[in-house]
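> Encoded as C-alpha cells, here's the structure I'll be asking about.
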Amino acid sequence: MTHSFVNLDGPQEITGREGQLLVLLLMSWFVADQFIFRSKSLEAQPSLGFNGLSMTVVSDRLSEDNDTRAPMEANLRQLIDPAEQGAPIVLTRSPKSDSFSGDLIADNLAGWLTKAVDDPGGSFGDAIRRSAHTGVWDGWHVLDQSDSKLEGVPALSRFSGDRPA
C-alpha cells in the first residue's frame, strides 16, 4: 500500500504493508483529531491559563513491532507533521507493553466503547451514560454510515438519544 501527498518539500510517499499503513493512517488521523479537539477546548477557556498544548502518544505496538518499528514510527511522524513544523506531539512506546499482562488504558476504553456500541442498552452502555459527565468520552468518535459515506460522530451521541441525522 502506498500513501502519497505533497508538502513544502515536494512529493512525499509512504509505503508499507497494507496492515501497517492502515494502522498508521488511523493513528495519525486520531492523533490529529484529538490534538485539534483539545486545542480548541483550551482556546475556548482562556481562564484556565494555558498558552499551548503538547501531546504524548504512547503505543503498545506499531503493527508488527520489530525491525520495522523505526520506519513505521518515522512514517507516523510524517503523517502527523508532514511539513516538519515541529508539532508538539511526542511518539513513544510503553516499555511494559510486552511484559505487562494488562492493556493500556486507551485499549481498555476502546474495548469498553466497542462493547457499548454493540449493545447500547447493556451494562457497558449504562456505564458510559453514567460516566458521560466526567469528560472521559469527549473527543471519542465512532463511524456512522450514511447513504453516501462514513462519518465520524461523537461516541456519546450513540447513548444520549440525540444521534445526528
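The values are calculated or read from the model by the stated rules, or taken from the named source; none is laboratory data. All values derive from a computational prediction rather than experimental measurement. For neighbour counting, all protein chains shown are included, and Cβ atoms are generated from backbone atoms with ideal geometry for every residue, glycine included.
> Go through segment 1-55 and count every residue that is within 14 Å of Asp81 (Cα to Cα) and among the β-branched types (Val, Ile, Thr).
4
> Another question, if that's okay. Just the residues that are assigned to a loop (DSSP other than H, G, I, E, B) and either modelled with pLDDT under 85 or surrounded by 11 or more Cβ atoms within 10 Å (Cβ to Cβ) (or both), please, taken from segment 120-134.
If the condition is that a residue be assigned to a loop (DSSP other than H, G, I, E, B) and either modelled with pLDDT under 85 or surrounded by 11 or more Cβ atoms within 10 Å (Cβ to Cβ) (or both), then Pro120, Gly122 are the ones that fit.
> Just wondering, is there one or more residues in segment 141-149 that are closer than 29 Å to Gly16 by Cα, basic (Lys, Arg), at pLDDT 70 or above and surrounded by fewer than 11 Cβ atoms within 10 Å (Cβ to Cβ)?
Yes, the conditions are met somewhere in segment 141-149.
> Please pick out the residue among Gly52, Gly111 that is within 30 Å of Ser157 (Cα to Cα), in a loop (DSSP other than H, G, I, E, B) and at pLDDT 75 or above.
Gly52
> Moving to a separate point now. Please go through segment 13-24 and pick out each residue that is of a type outside the set (Val, Ile, Thr), surrounded by 13 or more Cβ atoms within 10 Å (Cβ to Cβ), more than 21 Å from Pro88 (Cβ to Cβ) and at pLDDT 75 or above.
The answer is Leu22, and nothing else.
> Restricting to segment 75-89, give me the number of residues that are surrounded by fewer than 16 Cβ atoms within 10 Å (Cβ to Cβ) and modelled with pLDDT of 75 or more.
The total comes to 1.
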